[in-house]
1. Which condition number does H31 fail, the rest of (1) surrounded by fewer than 20 Cβ atoms within 10 Å (Cβ to Cβ); (2) at pLDDT below 85; (3) assigned to a helix (DSSP H, G or I) being met?
2. What's the number of the only condition in (1) farther than 19 Å from I6 by Cβ; (2) open to solvent by less than 70 Å² (accessible area, probe 1.4 Å); (3) at pLDDT 90 or above that A163 fails to meet?
3. Only one of these conditions is not met by S156: (1) modelled with pLDDT under 90; (2) surrounded by fewer than 18 Cβ atoms within 10 Å (Cβ to Cβ); (3) outside any helix (DSSP H, G or I). Which number is it?
4. Being assigned to a helix (DSSP H, G or I) and either out of contact with any helix residue (DSSP H, G or I) (no Cβ under 7 Å at 6 or more places or on another chain) or crowded, with 19+ Cβ neighbours inside 10 Å (or both) is the filter here; which residues of the range 130-146 pass it?
Amino acid sequence: MNNESIRIGVVGELGVGKPELVHQLCHPNSHTAGSVSDLAGPTVDVLDFERTNGRGNIWIEFVVLPSGTRHQKSRQMLYSFGLDALFLVCSCSTPRSFIRATEWIEEAINAENILSVPVALILGGPQRIDWQLSTTLTKLVEPLAERCNAEILDLSGYITSGALEPKQRCSLAEFYEKVYRSKVSKGCGLGISHLR
């Protein structure tokens, strides 16, 4: 099997549910938790994403970057080995995660290799929330998305529901395709990349 691949870095505040999100994306039928401590360092999981209209599959490597302040140098190293996109994960139930998100994006943008990669602002959290109906969240989400030129993907509720809704899966599929097109347009070599 020679599937093409993309690599997505997953960043965000400690405790926003990054490993749980990646586990849910890569193992949607699993009933076990995907929690890994951010203090453990980076983790990798892979999704075999089936594209629509018989266009084949794409391997999507998710690299969950550690949030701890003691891991700043390891994050810089991970940024440097070729991320094709970033997931900036924030929790709708923790407004502080949006405020700190600016720091995460600034840190990532300072790495030369990812200056122009697509960014998705992932709205997570334990409960499904319509962020556009919350004045507080709207004031946090919209400026952050504009500042980092991010696409907003509302995935709130994935932790407690145990599954993503069809609309959420569709939004993710569209983002994966956008990342793939971006990688192809940059002329990057495609193919299975080796996990390090």
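1. Here H31 meets the rest and fails (3).
2. So the condition that A163 fails would be (3).
3. Condition (2) is where S156 drops out.
4. Hits for the range 130-146 are L133, T135, T136, L137, K139, L140, V141, E142, P143, L144, A145, E146.
The values are calculated or read from the model by the stated rules, or taken from the named source; none is laboratory data. The structure displayed is predicted, hence computed values, not measured ones. Note that we place each Cβ from the backbone using ideal geometry, even for glycine, and neighbour counts take in every protein chain shown. Areas reflect the complete protein model, heavy atoms only, side chains present, ligands, DNA and RNA absent. Shrake-Rupley method; radii C 1.70, N 1.55, O 1.52, S 1.80 Å.
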